[in-house]
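First up is the structure itself, then whatever we jot down about it.
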Amino acid sequence: MTVSDMNSKDRTRLIQIENITKIYGNGQNAMKALDGVSLDIHQGEFVAMMGPSGSGKSTCLNIMGCLDTPTSGSYHFDDVRVNSLSRNQRALLRKQFLGFIFQGFNLLSRTSALENVELPLIYRKIPAKQRHVLAMEALETVGLAKWYHHTPAELSGGQQQRVAIARAIVGKPKILLADEPTGNLDSTRSVEIMEMMKKFNREEGITVVMVTHEPDMAEYADRQIFFQDGVIKSDTLMEGQSC
Amino acid sequence: MLIRETIFLAIRAIRRNVLRSSLTILGIVIGVAAVISMVTVGSGATQKVTDDISGLGSNILHVRTGQGMRGPGGARSSADAFTMEDLTAIRNGVAGIVAVAPNSQTSKQAIAGNSNWSTTVIGTTNDYLLANNWPMKDGREFSDNEIKAGGAVCLIGETVKEEIFGDESPLGKTIRLDTIAFKIIGLLEEKGQSNFGQDQDDVVMIPIKTLQRRMAGNTDVDSIIVSVKDGVSTSSVQSGIESLLRERRGIKQGDDDDFHVRDMKEIIETVTGTTTVLTALLSAVAGVSLLVGGIGIMNIMMVSVTERTREIGTRLAIGALENDVLLQFLVEAVVLTSFGGLAGIVVGLSAAALISHIIGVPFVFTPGIIITAFLVSALVGMVFGYFPARKAASMNPIEALRYE
């Protein structure tokens, strides 16, 4: 089964990247992070982007996450051309449709797990009571409901990342973008996190795009994309994975 | 973002660094406290002066020769003195008057037996007591005959009595002023200090005619005191006196008066004007501290924004708009300076209460200045917090997320 086969299936295309490049700096210091990458991602996919450091996988993820803009080429998210959006419009897109998970968890320190999870809802202007209920539900799904009043310093790395996942999914995003989500965790915790992401992908239908350099973690994905020197070297649908 | 959450967030961010936050707002606290205490004590001083002068009688007009004086004790010009005929003309020609009293003053040694005392001698009539609402303690006022003929009789103030006669009753005794022996016919009620610090009881009153004839050797009246009836406007009486005196003194149309009618209001304005200018000046100096405090706020907010770069990146990634971040840091600065303002108000009012108590002026609570001080401190936060907030809001989320 190839990627093009899957395109023929009746699935909504969520991300359409066409021949994008990304150049950092200019003149002699110019560094080409992406050199003509084209890529489609459909709703419900679980994609792992792999490759050595500096291969462009993180840059690609940042562009998908509307955190960065490509130097050339076009990027459509849900048929919206992101290139032509203003900084603020891109922020609105993030707010409504995207959930982020970072390698370093990026939870607010000295702030309880519950409040961390509530944060995206505050920006969505959801009233306090409802916010509280939704955040507790999200913590429940990552198995941390009992820990809601603990601050990140009082939680283990795995627990912190689970709080971060709860924060990412509490707003019911269309797509979950994870940048090395298990990079700071031991293998047992890593497996927990991956199982959890897999569960959200399967049960909630949330599209997941994950950057990782650990092949074990990439095994959880339906599709593995390898980057090298700013281009896609291979793009494979995994055997035995149902779509 | 919801404003309640933003304020809550700001308070929490401030509480995380209580010591640093307190030191940061110290400039604002001192600035606001200084302005508040200056203005409050200044208002107290103004009110004391106003009360004191009003206590002299707000319905009294002073007519003097020369141009208008700026404040009490100014120089007299060489304009012609008034005469008793002027007083008669005023009494008959201007409506709404209770009393018109001449006032010619000189300094003399008062001697009785072995005692002598340097005092102020006022040549006047009984109207002087009426105009100044000054009752007798003992004895009697001048008789008509004594006033007309210039009798050698006098009324003495409490201080003169104390200094010369001690506990004895002075009535019927004589004191000498220069070489003239005056019979004491009355003792004046104690009046205390004037607002310019003069002892008003250190006085000997004699009939104006006696002073003119036997001491000055002329018919001059230095100044005239006019007491206006209750319910009659002093300004209408003032203009009545002015036109009458212009006519009597032969001042042509268009020429300046060579005399001046002042009411107490004018004296109050002159004195309070000085206090107000001083207060404003001191407050302006204190206000500079607010500016310095504002720069301190900006400095610390810049540090805070840099420290929290990763937090800002995270917020931007998970859904904060630029304006949400801008608002967050702006509100933090405003909350910070508002706390400073509140603390400054408390400190300033306490200081003002203490200073007022020490220097003996009333404590005047001015709600306007409290509100202004609070609003100004909030404004300082807004102005000086804007630049750091702008810096936070315009961060590149990717770089901010990577920031170590």
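Each reported figure results from applying straightforward, stated rules to the coordinates on display, with no laboratory input. Note that the structure is predicted; figures quoted are calculated from it, not measured. Methodologically, a virtual Cβ is constructed for each residue, glycine included, from the backbone with ideal geometry; neighbour enumeration extends over all protein chains shown.
Taking the number of Cβ atoms within 10 Å of each Cβ as an exposure proxy, the fewest-first ranking of B:269, B:311 is B:269, B:311. Dividing the alpha-carbon radius of gyration of the range A:3-237 by the rule-of-thumb value 2.2 N^0.38 Å gives 1.01. Helix A:113-123 and the longest principal axis of the C-alpha atoms of chain A enclose an angle of approximately 60°.
Set the Förster radius R0 to 30 Å, insert the Cβ-Cβ distance between residue B:386 and residue B:366 as r into 1/(1 + (r/R0)^6), and round the FRET efficiency to 0.05. After rounding, the FRET efficiency stands at 0.50. What separates the Cα centres of the range B:155-219 and the range B:325-370 is a distance of 52 Å.
Under unit Cβ charges (Lys, Arg +1; Asp, Glu -1), what dipole magnitude, rounded to 20 debye, does the protein assembly as shown have relative to its Cα centre?
Around 840 debye, computed over the protein assembly as shown.
Candidate cross-link partners of residue A:172 among the lysines, defined by an alpha-carbon separation under 18 Å and a same-chain spacing of 8 or more, comprise A:95, A:125, A:129, A:198, A:199. How would the range B:203-252 be classified by its alpha-carbon gyration tensor: rounded, prolate or oblate, with rounded meaning a/c under 1.5 and the a/b versus b/c comparison settling the rest? Oblate.
Within the same chain, aspartates and glutamates fewer than 8 places from residue B:137 are excluded, and of the rest, those with a Cα less than 19 Å from its Cα are B:127, B:158, B:162, B:163, B:167, B:168, B:189, B:190, B:199, B:201, B:202.
Highest first, please rank the peptides B:245-257, B:321-333, B:33-45 by the mean number of other Cβ atoms sitting within 10 Å of their residues.
On the way: B:245-257: 11.9, B:321-333: 22.2, B:33-45: 24.6.
Final packing ranking: B:33-45, B:321-333, B:245-257.
Once the Cα-Cα distance is subtracted from the 0.36 nm per residue extended length, the residue B:183 to residue B:274 segment shows a gain of 28.4 nm. Calculated translational diffusion coefficient of chain B (20 °C, 1.002 mPa s; Stokes-Einstein with Kirkwood radius over alpha-carbon pairs) equals 81 µm²/s.
Net charge dipole, chain B: roughly 1200 debye, given to the nearest 20, about the Cα centre with Cβ charges of +1 for Lys and Arg and -1 for Asp and Glu.
Can you give the FRET efficiency for residue A:214 and residue B:22, using 1/(1 + (r/R0)^6), R0 = 30 Å, r = Cβ-Cβ distance, to the nearest 0.05? It comes to 0.05.
Counting only alpha carbon atoms, the long axis of helix B:18-55 and the longest principal axis of chain B meet at about 20°. Helix B:234-248 axis versus longest C-alpha principal axis of chain B: approximately 50°, rounded to the nearest ten. The region of chain A that goes longest without hitting one of the trypsin sites (Lys or Arg not before Pro) in a DSSP loop, each with at most 16 other Cβ atoms within 10 Å, is A:126-243.
Would you mind working out the magnitude of the charge dipole of chain A relative to its Cα centre, with +1 at each Lys and Arg C-beta and -1 at each Asp and Glu C-beta, to the nearest 20 Debye?
On the way: 27 positive and 28 negative charges, 213 e Å.
So the dipole magnitude of chain A works out to roughly 1020 debye.
Counted by neighbouring Cβ atoms within 10 Å, the residues B:267, B:206, B:359 run from fewest to most as B:359, B:267, B:206.
Shown here: the protein assembly as shown, whose C-alpha atoms stretch 138, 56, 46 Å along the first, second and third principal axes, sorted largest to smallest.
Projecting label points 7 angstrom from Cα along Cα→Cβ for residue B:295 and residue A:202 puts them 6.4 nm apart.
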